[in-house]
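Structure first, commentary second.
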Amino acid sequence: MRAGSVGIPRILPCNRGRSRRVVQAMDHSALLDRARTKGVNPFVYWIVRALFQPFFHLYFRLSRVGREHVPQEGPVIFAANHRSFLDPFIIATLARRPIYFVAKKELFEKRLTAWFLNSLGAFPVDRGNGDGDAMATARAILERGDGVLIFPEGTRVRPGTLGAPRRGVGRLALETGAPVVPVAIIGTETIRRGWRIRPHKVRVRAGSPLRFPTVQTPSPELAAAVTERIWPCVSLQWEWLGGLPPIRRAAVIGAGSWGTAMAVALQRAGVAVDLGCRTADQAAALAGARENAAYLPGVTLDAGITVGRAADLDLTAHDLVVLAVPTRALPATIAAHGEHITARSGVLVLSKGLVGHDPEHPVSPSDYVAQRCSARAVACLAGPGHAADALAAGASLVAASADRGFARQLAELLQRCDLDVSTTTDITGAELAGAAKNAAVLAASAAASAGPNAAGAAAGKVFAEVDAYARRRGARPETFAGLAGAGDLVATVVAAGSRNRRAGELLAAGVPGHDIAPRLGQAVESLDALPLLATAIAAEGLEAPTLAGLAAVVDGRADADAWARGVTTPTKTTRRRAA
């Protein structure tokens, strides 16, 4: 008979999946029971440790600090940050006895792997689902006088500063009364590339044990409060090892619309902010009114924002320095403050365009800053982010930096004030996408007098010409297609107060390029960037006729109407392609 006919029941796929889940649940229960009742396999454990520990010392040049804080007997909870799958095995070398640890249940799907890990002290946990069985196992291990390693972050956090802890470690400490040893490990995040384990210095440090009273049924709030007491001690070990500290204090140089908005956003995220103004009079007026009526009306500056003159800021005391000045002012700003930005600080550059300190060789704002200060990392912020709207209704932005950890740190910080921030290492693409957006909006509004088709063609051609240049410089196509490029372009086109759009309209009306910024009362970065973009693109041997023509209009070397009419005029090249 065929399977599924009378006499031979067919096993449905859903039944097979259910059966597999039942078997896995039974296996996990057996593993938990073994950890509770039998403990490690001493033969396997001590052989593996005898092999691993010398390997760690020789290959990773392992440094262990604070071993005197580890109790040699009795129950103990190790609370540690998590960077690599090797962390439990390295941290276990702090003690001269087996240490038990939780591991995600997916690691126990294969029987041989499950038996091996369980023999070394690992037991499965269903992450994110409040696994009561795993917690009960941890309590049983502590009650019999052994040690348990907990990673409060809940998962591996590779780049940047420490992640946010979950309250499970606080609950376990209260329910068992076991001392908690804060532990930090650094270096393991860089040892693995694919399946290759690379030699890299690894250090681990243990702090003094923390003790809490025993509470039979602690409330979630009490467990969270104890976790908040434990985690700063882990952070203390982490920073002692040289780990990236959290951003506690920031300096914002430039009190324009985005500078003021960034100061407010950082203060909302719990950061102490110093807002540096250009002049003492501006600082006094802003400090008195607690509102930037000229650039960001209606937004109150809370007490957590200290307003002063930028020249008076002591940048050596800040974890983050935000440069919120127009690109043309960036050379003077760096000349005044660059030497005071130390290696403890990260720099966030909000300037868009190119820096023309040397007009023949323009560079991006982040490159200019990185070459002239000792900051540990430099990043830029891209995407559709108009200052007032970002504070009132939120925004989706992109933090771009070659340093993944710094980009992630900025994203998590700004997410705390309800901004949606993603990260990328394509800082070249992010900065050039912002410059392309500004140039495209200027082009569209300058060509609008020739009709909507000309406006759309001007914007599209300029954007594509800068995109081609960006790709030549190593930018990724998806950066221009995403928030930093297309998203920012649309936001700027529809924004009522777009300076670049108004500048294009004035340019089309015959106002000389050098008179537009004074008339608007604000810097227009597209006007400064266009000639520099044209120079940079020509130096790469690329053709950018629409952008070069618009640059000539800005410089006063061409007529705006003639340029606008020529945007949709077929060229010899397009005629040849059509033929």
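The values are calculated or read from the model by the stated rules, or taken from the named source; none is laboratory data. Since we're looking at a predicted model, the values are computed, not measured. Note that we place each Cβ from the backbone using ideal geometry, even for glycine, and neighbour counts take in every protein chain shown. When the accessible area is computed, the model is the full protein with side chains, heavy atoms only, and any ligands, DNA or RNA have been set aside. Shrake-Rupley method; radii C 1.70, N 1.55, O 1.52, S 1.80 Å.
Overview of results
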quantity: Value of [θ]222 nm, deg cm²/dmol, for the chain, DSSP H segments ≥ 4, -39500 (n - 2.57) each, nearest 500; calculated: -14000 deg cm²/dmol
quantity: Cα Rg over Rh - region 35-241, Kirkwood; calculated: 0.93
quantity: Hits among lysines - C-alpha to C-alpha of Lys437 under 28 Å, sequence gap 8 or more where chains match; calculated: Lys352, Lys461, Lys572
quantity: Relative contact order (%) - region 151-251, alpha-carbon pairs under 8 angstrom, separation at least six; calculated: 36
quantity: Global form of region 522-567, assessed from the alpha-carbon gyration tensor, a/c cut-off 1.5; calculated: oblate
quantity: Förster-model FRET efficiency, 30 Å R0, Ile197 and Arg376, C-beta, rounded to 0.05; calculated: 0.65
quantity: Cα centroid of region 453-487 to Cα centroid of region 48-78, whole Å; calculated: 53
quantity: Antiparallel DSSP beta bridges within the chain, as percent of all bridges there, nearest 5; calculated: 25
quantity: At most 14 other Cβ within 10 Å, DSSP loop - trypsin sites (Lys or Arg not before Pro), region 241-284; calculated: Arg248
quantity: Under 11 Å, Cβ to Cβ, from Ala450 - net charge with Lys/Arg +1 and Asp/Glu -1; calculated: 0
quantity: Inter-centroid distance (Cα atoms) of region 138-163 relative to region 192-216, Å; calculated: 9
quantity: Solvent-accessible heavy-atom area per residue, rounded to whole Å², over the chain at 1.4 Å; calculated: 46
quantity: All aspartates and glutamates inside 17 Å of Lys201 as judged from Cα atoms, apart from same-chain residues fewer than 8 positions distant; calculated: Asp87, Glu189, Glu239
quantity: Sulfur and carbon atoms: percent of accessible area, the chain [1.4 Å]; calculated: 54
quantity: When region 249-425 is reduced to its Cα atoms, the Kirkwood hydrodynamic radius in Å; calculated: 16.0
quantity: Length-normalised contact order for the chain - Cα pairs under 8 Å, 6+ apart - percent; calculated: 9
quantity: Cβ-derived FRET efficiency at R0 30 Å, Ser396 paired with Ala285, nearest 0.05; calculated: 0.35
quantity: Percent RCO, i.e. relative contact order, over region 249-425, from Cα pairs under 8 Å lying at least 6 residues apart; calculated: 19
quantity: Cβ crowding within 10 Å averaged over residues, with 545-553, 338-346 ranked highest first; calculated: 545-553, 338-346
quantity: Sum of side-chain charges, Ser345 neighbourhood, beta-carbon under 15 Å (Lys, Arg +1; Asp, Glu -1); calculated: -1
quantity: Rounded Å value of the spacing that divides the Cα centres of region 499-561 and region 220-295; calculated: 37
quantity: Charge context of Thr279, other residues only, Cβ under 12 angstrom, K/R +1, D/E -1; calculated: 0
